[in-house]
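The values are calculated or read from the model by the stated rules, or taken from the named source; none is laboratory data. Keep in mind it's a predicted model, so treat the numbers as computed, not measured. Ideal geometry is used to build each Cβ from the backbone, glycine not excepted, and the neighbour counts take in all protein chains shown. To get the accessible areas, we keep the full protein, side chains included, count just its heavy atoms, and leave off ligands, DNA and RNA. Shrake-Rupley method; radii C 1.70, N 1.55, O 1.52, S 1.80 Å.
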Amino acid sequence: MTHADHTYLNLLQYILDNGTDKSDRTGTGTRSVFGYQMRFNLQEGFPLLTTKRVPFKLVASELLWFIKGDTNIRYLLQNNNHIWDEWAFKKWVESEEYGGPDMSDFGRRSLIDEAFNVQYQKELSTFCERVLQDDEFASKYGDLGNVYGKQWRNWTTSEGESIDQLQDAIDLIKHNPDSRRIIVNAWNPEDVIDAGGKGSKAALPPCHAMFQFYVAEGKLSCMLTQRSADTFLGVPFNIASYALLTHLIAHECGLEVGEFVHSMADTHIYSNHLEQVKEQLAREPKQLPTLKLNLEKQSIFDFEMEDISLEGYHPHPSIKAPIAV
């Protein structure tokens, strides 16, 4: 039995030992390797890391947001989830309607300028409250475009037809479980490439680009292919999110859970996360928690936050680190 934390910590150490220092889109800089795979046996406990606290309610509410096909941060804000705030806020402060103080390069500036950070936090808080209270404003500036929920549940073809990839995947698991085409794809070149200067149709091109299911011996496994992996902040969320998705779909399809396989391309640690990584590497893993689902709910599309919980999660304290926008 390999503890989920050990699998993840081995990745952190591998990047520190073998990574190449590179520049990146955010201007922060990374230490990066190309191509790495982790495997988690979901029978051995729910893989929510214990060497630092990972906020499971944020993981669950984000996943339910994807499952609902939603792309507006209002649902997340209603569940006190702020992990996508900066992407919507960027859209607002770069718009012609914004008339507040200069918020250019707010991600970097907020880390190095205390006075600016106070102003930034005030503007961000005001923005989030307006998304919650103002329907028209939320519709215009709370929506992130064609991000995960749109691609999973409402992929639009060139003929204008809609494809519900997630429902189709569930149907295949139920009726043709040996299929090698049980795939949900989030990477749509038409939406993520700035064609002719028109701009991307998604606030952030999908990092977790596609996932595929595999059924064997009455167990459902899932493999995620990720083009870009923020190893310290993002990957712990990704592991827990796709493990939860696998549990939910296995429940609906009457299967046990198998493995979650995580394949990453550009696998990196941001340069301003290196000290946090070293702190986490010095910690000893604890016992993994147990996932509890409301078994009265049959379809994954019926699940709400109150239907999902954990038992026995007693991790080390959280380790704060800045997000690169």
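Annotations
- On inspection, Val277 does not qualify as crowded, with 18+ Cβ neighbours inside 10 Å and more than 20 Å from the chain's Cα centre (by Cα).
- Output for the stretch 241-274, where each listed residue is under 20 Å from Pro315 (Cβ atoms), in a helix (DSSP H, G or I) and open to solvent by less than 10 Å² (accessible area, probe 1.4 Å): Ser241, Tyr242, Ala243, Leu244, His273
- Matching residues, the stretch 89-112, being surrounded by 12 or more Cβ atoms within 10 Å (Cβ to Cβ) and of a type in the set (S, T, N, Q): Ser110
- Filter result for Asp17 (at pLDDT 95 or above, out of contact with any Phe, Trp or Tyr (no Cβ under 8 Å at 6 or more places or on another chain) and farther than 24 Å from Phe211 by Cβ): yes
- Test for Gln226: is it outside any helix (DSSP H, G or I), in contact with a strand residue (DSSP E or B) (Cβ under 9 Å, 6 or more places away or on another chain), under 20 Å from Leu63 (Cα atoms) and open to solvent by 10 Å² or more (accessible area, probe 1.4 Å): no
- One residue from Ile67, Ile73, Ile83 being under 16 Å from the mean Cα position of the chain (by Cα) and modelled with pLDDT under 95: Ile83
- Failed item, numbered, when Arg31 is tested on (1) open to solvent by less than 30 Å² (accessible area, probe 1.4 Å); (2) farther than 25 Å from Leu220 by Cβ; (3) modelled with pLDDT of 95 or more: (1)
- Output for the stretch 113-142, where each listed residue is in contact with a helix residue (DSSP H, G or I) (Cβ under 8 Å, 6 or more places away or on another chain) and either open to solvent by 40 Å² or more (accessible area, probe 1.4 Å) or farther than 15 Å from Asn72 by Cβ (or both): Phe116, Asn117, Tyr120, Gln121, Glu123, Leu124, Arg130, Leu132
- Exactly one residue out of Trp84, Trp65 is of a type in the set (A, V, I, L, M, F, W, C), out of contact with any Phe, Trp or Tyr (no Cβ under 7 Å at 6 or more places or on another chain) and open to solvent by less than 20 Å² (accessible area, probe 1.4 Å): that is Trp84.
- Qualifying residue in the stretch 289-296 (condition: touching a Phe, Trp or Tyr at 6+ places or on another chain (Cβ under 7 Å), part of a strand (DSSP E or B), open to solvent by 30 Å² or more (accessible area, probe 1.4 Å) and in the same structural domain as Thr225 (by the TED database)): yes
- Cβ pairs under 9 Å, 6+ apart, first in the stretch 2-31 and assigned by the TED database to the domain that holds Lys278 and touching a residue at least 12 places away in the same chain (Cβ under 8 Å), second open to solvent by 80 Å² or more (accessible area, probe 1.4 Å) and of a type in the set (Phe, Trp, Tyr): Thr20/Phe34
- Members of the stretch 1-14 found to be at pLDDT 95 or above, open to solvent by less than 60 Å² (accessible area, probe 1.4 Å) and not β-branched (Val, Ile, Thr), listed by number: Ala4, Asp5, Tyr8, Leu9, Leu11, Leu12
- Top-ranked residue in the stretch 183-198 [being open to solvent by less than 30 Å² (accessible area, probe 1.4 Å) and more than 17 Å from Ser263 (Cα to Cα); ranked as modelled with the lowest pLDDT]: Val192
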